[in-house]
Amino acid sequence: MALPVFRPTVKRKDMGSVLSCIVSDRLGPGEISRDLVSRVCHVLGHAGGISLATGYLAVSAALEALGLAPTDAVVVPALAPATWLRVLLDRGLVPMVCDVDPETGGLDTALAAALVQKGARAIMVHHTLGIITDLSALSPLGVPIVEDASQALGGKIGETPCGGMADLCLLSMEPEHIVTCGGGALVLGRSRQTAAALKRVQESSPRYSPLADMNAALGISQVAALESFVLARREVAAAYAQALLKSRHKALVQKTEADNVLCSFPVALSDGMKEVRGYALKKSVDTVPAFAESIAALGTSTPDQPSAMMAAAAPDGAAEQASTDPAAGCTNARSLALRCLLFPLYPMLGKRDVEAVCRVLSTMP
């Protein structure tokens, strides 16, 4: 059986926390869910926040808390989840899809700044696969910033934790991320005003119901173990990086000074993915395309797909581009979407597992 790309780091003590919640009959949203939000706020330096059942709802609540009006434009990275595009369109907002740095896969901050000059009212940043985007170039622009730290939790720039740099922080708790609740997400506000706005959003509609206590109990146990998760991930990533030096391919890199934590191990191949994927599978190591579910992977769409909807909402002059491809012109993002693979990287990997992946990384065609 091939080594899976993702595996949640759930141990016996995690299961004990969930069992205690079940025994107490506290399965729905309640005190444990609020406790999880409070603990993560403490770790990241936020004033308050909310928990939600899905990532879609988390993005929607964050945008609503910012007070954005229909037709307002929002900058999004081309390699961000395609779900972001759907939320923006469902809320009547105009996505301004921005290209990425070809070496990091993260938002090109200079291009994002230029889009703000063209009228964008907010910026969404995705710390791609754990590679941290430095927000210092964006903060002086005077528009609110939403950062997604789901794949980079535990990383830092200086003394500031990743997830604590922007006005709002999204934290998905899916099984493939740094910490998990088995699903759901958190939205955190750095200021008291933003935290209060989030609570008003949640109280305004039953669709924004909080995460169930049973899921939150797992999340609390995971957050408590974050430091050990980070150390294990960095140790494995260092071994992989050394092995990859023997090949003709390259890893995505952390260009700015930061202590990052990789969610998975991304390799930008020199050419297509098919041959390398087949080779790795023969060695019992599974891989997946890194950006198969990104905005850049949507490509040309039919009239009922996101890009056509985006064209209808686009400002003058942008409709033609939006109608064919939401990431048109984002050449760096499109290139990475076609040739970047993920390899297994998580704390549950054993020594033999790590050695097997290292052999593939150093010998793949």
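What to note about this one:
- Cα gyration tensor category, rounded, prolate or oblate, for segment 47-131 with a/c compared to 1.5: oblate
- Positive minus negative residues near L171 (Lys, Arg vs Asp, Glu; Cβ under 12 Å): -2
- Extension gain from S284 to S205, taking 0.36 nm per residue of separation minus the Cα-Cα distance: 23.7 nm
- Per-residue packing, averaged as other Cβ atoms within 10 Å, sorts the ranges 236-246, 152-162 into the order 152-162, 236-246, beginning with the highest.
- Fraction of accessible area attributable to carbon and sulfur, the chain (%, probe 1.4 Å): 53
- With contacts taken as Cα pairs under 8 Å and at least 6 residues apart, the chain reaches a relative contact order of 24 percent.
- Multiplying the residue separation of T54 and E31 by 0.36 nm and subtracting their alpha-carbon distance yields 6.4 nm.
- Summing +1 for each Lys or Arg and -1 for each Asp or Glu among the other residues whose beta-carbon sits under 13 angstrom from that of S139 gives -2.
- Seen through its C-alpha gyration tensor, with square-root eigenvalues sorted a ≥ b ≥ c, the chain comes out oblate because a/c lies at 1.5 or above while a/b is not bigger than b/c.
- Label sites at E257 and V10, each approximated as a point 7 angstrom past Cα along Cα to Cβ, lie 4.1 nm apart.
- A 1.4 Å probe run over the chain, with the rest of the protein chains in place, finds 43 Å² accessible per residue.
- Global geometry of segment 220-291, whether rounded, prolate or oblate, following the gyration tensor of its Cα atoms and the 1.5 cut on a/c: prolate
- Each Lys or Arg adds one and each Asp or Glu takes one away; over the other residues whose Cβ falls under 13 Å from the Cβ of V236, this sums to +2.
- The mean sequence separation of alpha-carbon pairs under 8 Å and at least six residues apart, normalised by the residue count of segment 220-306, gives a relative contact order of 20 percent.
The values are calculated or read from the model by the stated rules, or taken from the named source; none is laboratory data. This structure is a prediction, so every number in the text was calculated from the model and none was measured. When we count neighbours, we look across all protein chains shown, and the Cβ atoms used for this are built from the backbone with ideal geometry, even at glycine. We work out accessible area using only protein heavy atoms, side chains counted, and drop any ligands, DNA or RNA first. Shrake-Rupley method; radii C 1.70, N 1.55, O 1.52, S 1.80 Å.
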